[in-house]
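Everything on this sheet refers to the single structure shown next.
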Amino acid sequence: MTQDWRNRPRVPPSSSSLLPGLLAFLLLPCLGALPAAAYTNENGVILLHGESGLVYTTENVGYCGMSTVVTCTDVVGRTDDPGTVILYALAAFPSADQPDVDGLAFGITYGEGDLVIPETGSCGDSELATDDWPASGSGAAVVWATTQTDTVFEFYWFAAYWYYADRPTALELGPHPTQGGVFVGSGPLSPIDDIADFGSFGFGMDGYVPCPDGPVPTRDATWGSVKKAFR
C-alpha cells in the first residue's frame, strides 16, 4: 500500500521550497485511507463566493487577496449575469473557533455542457491537482508554509461563466476524488479533520452557502445586479 497524505510528516514553516515535492508525496493513492479524527478544524466548511467588483481578464496574473468577504454573511452565492465571474473558494470556521490549517484537499463538480471554467488559481504556497483539473469530478490539494488561522480565508479562485443563460446550473465543491474533503492541521502529528460541509455557486439559481455559525439566506441582490453598481 502506498502512503497517503494523512500520514505525512509535519512541514516546518521555513520549508516553502519543499512544498512542491511534499505535495507529490501527499497525494499518492492509497487503498485504505485512514478516517479523519476530530481536532481543531472539525467545524470548518468550504464555500464559493462571486466577487462583484472584479472583471476577468487573461492579463491578470491572479486574483488571490482580492475578495471582499470578511465573514460568511458577506458571501454572494448566485449570479444571473451571463458574463465571466471570479469565484473564490473560501474556508470558513465558527467565529468562536481557532483554526490552524496547513493544507486541504477538495474537489469540484458541475455540468460541463453548461459551465465553462477558462482559468483557475491557487491561493496557497503550493498545490497539486489531478491531471484532468478543472474538469468535473477532479480535485486539488493546497498547502501553506505558514499556518492559516483566520476564521475565513481564500484558498482558490475560478473564472467561470455559464454557456446557456436560459439553463440554470451550479459549480459545487466536494471531496477530492481520492483524498476526500479534509483539512490538515498544524502540530507534530498533522491532525486531519473532515470538511464539515461543501458550498456551491449558482448560475441563474441559488447556490448553497453553509455558514458555520448558522445558515444565511441567499442575498436578494444577485451578482449581476450588484455588478451594475460598479459601472
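Is it the case that residue 196 is hydrophobic (A, V, I, L, M, F, W, C), touching a Phe, Trp or Tyr at 6+ places or on another chain (Cβ under 7 Å) and either at pLDDT below 95 or surrounded by fewer than 24 Cβ atoms within 10 Å (Cβ to Cβ) (or both)? Break it down into steps so the answer makes sense when it comes.
On the way: hydrophobic (A, V, I, L, M, F, W, C): yes; touching a Phe, Trp or Tyr at 6+ places or on another chain (Cβ under 7 Å): no; either at pLDDT below 95 or surrounded by fewer than 24 Cβ atoms within 10 Å (Cβ to Cβ) (or both): yes.
Against the criterion (hydrophobic (A, V, I, L, M, F, W, C), touching a Phe, Trp or Tyr at 6+ places or on another chain (Cβ under 7 Å) and either at pLDDT below 95 or surrounded by fewer than 24 Cβ atoms within 10 Å (Cβ to Cβ) (or both)), residue 196 does not qualify.
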Taking the condition buried (at least 21 other Cβ atoms within 10 Å of the Cβ), out of contact with any Cys (no Cβ under 6 Å at 6 or more places or on another chain) and either within 19 Å of residue 208 (Cα to Cα) or at pLDDT 85 or above (or both), does residue 73 pass?
no
Considering only segment 106-164, give the strands (runs of 3 or more DSSP E) lying wholly within it that have at least 2 residues that are in contact with a Phe, Trp or Tyr (Cβ under 6 Å, 6 or more places away or on another chain) and of a type in the set (Lys, Arg).
none
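Out of 91, 96, I need the residue that is crowded, with 23+ Cβ neighbours inside 10 Å and either under 14 Å from the mean Cα position of the chain (by Cα) or farther than 16 Å from residue 207 by Cβ (or both). Which one?
Residue meeting the stated conditions: 91.
The values are calculated or read from the model by the stated rules, or taken from the named source; none is laboratory data. Quick caveat: nothing in here was measured; it's all calculated off a predicted structure. Every residue, glycine as well, gets a Cβ built from its backbone with ideal geometry; the counts of neighbours run over all protein chains shown.
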